1. Would you call ILE121 farther than 17 Å from SER176 by Cβ and hydrophobic (A, V, I, L, M, F, W, C)?
2. Which condition breaks for ASN162 when tested against (1) under 12 Å from ILE136 (Cβ atoms); (2) modelled with pLDDT under 80; (3) open to solvent by 50 Å² or more (accessible area, probe 1.4 Å)?
3. Hey, can you tell me all the residues within region 36-59 that are closer than 17 Å to ILE135 by Cα, open to solvent by 10 Å² or more (accessible area, probe 1.4 Å) and at pLDDT below 90?
4. Among (1) in contact with a His (Cβ under 9 Å, 6 or more places away or on another chain); (2) farther than 27 Å from LYS27 by Cβ, where does LYS42 come up short?
5. Given GLU116, GLU97, which one is at pLDDT 85 or above, within 14 Å of the chain's Cα centre (by Cα) and open to solvent by 70 Å² or more (accessible area, probe 1.4 Å)?
6. Step by step: first the residues of region 16-35, then only those that are over 24 Å from GLU131 (Cβ atoms) and of a type in the set (D, E, K, R), then the one that is most open to solvent (accessible area, probe 1.4 Å). Which residue is that?
7. Can you tell me how many residues in region 60-94 are surrounded by 14 or more Cβ atoms within 10 Å (Cβ to Cβ), of a type in the set (Asp, Glu) and either over 24 Å from ASN162 (Cβ atoms) or free of Cβ contacts under 8 Å to residues at least 40 places away in the same chain (or both)?
8. Residues LYS106, LYS75, LYS88: which one is of a type in the set (Lys, Arg) and within 18 Å of the chain's Cα centre (by Cα)?
Amino acid sequence: MTQIDKEKFINKYPLPVTIDETELILKQMKNSICKIENKNGKGTGFFCKISNKKLLITNEHVINEEIIKDNNIIKVKLNDNKIRKDIKILDYYISKEYDTTIIEIKDIDENINYLELDNEIFDENVNINNESIYIIQYPKYGNEQKGAVSYGILNEIQSKYNIIHYCSTDHGSSGSPILKLSSKKII
């Protein structure tokens with residue numbers, strides 16, 4: 001195994017926040033993101049509130065129409081598997097083209113922290129290229145899947161449905177929210 005000089009690495013690739021701040025982000029987000037497991041595999045989802053509607057959002061390849069029609073309930077795990085929830089589906093929208101599933105849910109718990117959208121992403125007058133971002137995710141580490149934070153930058157908004165970013169993700173991270181570091185809101 002190659003040894004890495006941590007000090008040289010950190011000086012060349014500095015984190016935008018400290019390790020303590022990263023741990024705080026994970027602690028704050030533990031009830032905003034969830035791990036999803038079903039016959040499609042494993043992925044990540046997140047809770048969001050838009051116009052007083054409470055939503056669970058993930059990728060279509062994580063939760064597709066077949067999964068919803070089979071159950072009308074989605075099983076998720078929060079806080080690194082410590083909390084398991086059955087979520088009743090009120091309504092849903094699925095797009096294979098954009099690989100998106102948006103599920104309107106009944107309020108499941110007073111402890112859920114619903115994320116908010118950063119509306120600047122829709123403002124054509126605001127340049128958010130090179131904006132610092134982070135992704136909260138449940139990547140697979142060997143046989144485990146634990147909450148993790150990855151930092152990067154937003155490179156380009158190609159359209160209102162396509163953004164390019166440089167931020168590390170891995171298997172199990174599908175459906176993770178991309179958040180602007182400065183506002184802690186979804187982009």
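1. no
2. Of the numbered conditions (1) under 12 Å from ILE136 (Cβ atoms); (2) modelled with pLDDT under 80; (3) open to solvent by 50 Å² or more (accessible area, probe 1.4 Å), the odd one out for ASN162 is (1).
3. Of everything in region 36-59, just one residue is closer than 17 Å to ILE135 by Cα, open to solvent by 10 Å² or more (accessible area, probe 1.4 Å) and at pLDDT below 90, namely LYS42.
4. Answer for LYS42: the failing condition is (2).
5. Step by step, each of GLU116, GLU97 is checked, and only GLU116 is at pLDDT 85 or above, within 14 Å of the chain's Cα centre (by Cα) and open to solvent by 70 Å² or more (accessible area, probe 1.4 Å).
6. LYS30
7. Within region 60-94, residues that are surrounded by 14 or more Cβ atoms within 10 Å (Cβ to Cβ), of a type in the set (Asp, Glu) and either over 24 Å from ASN162 (Cβ atoms) or free of Cβ contacts under 8 Å to residues at least 40 places away in the same chain (or both) number 1.
8. Within the list LYS106, LYS75, LYS88, the selection yields LYS75.
The values are calculated or read from the model by the stated rules, or taken from the named source; none is laboratory data. Keep in mind it's a predicted model, so treat the numbers as computed, not measured. Neighbour counts run over all protein chains shown; Cβ positions are idealised from the backbone, glycine included. For accessibility, only protein heavy atoms count, side chains too; no ligands or nucleic acids. Shrake-Rupley method; radii C 1.70, N 1.55, O 1.52, S 1.80 Å.
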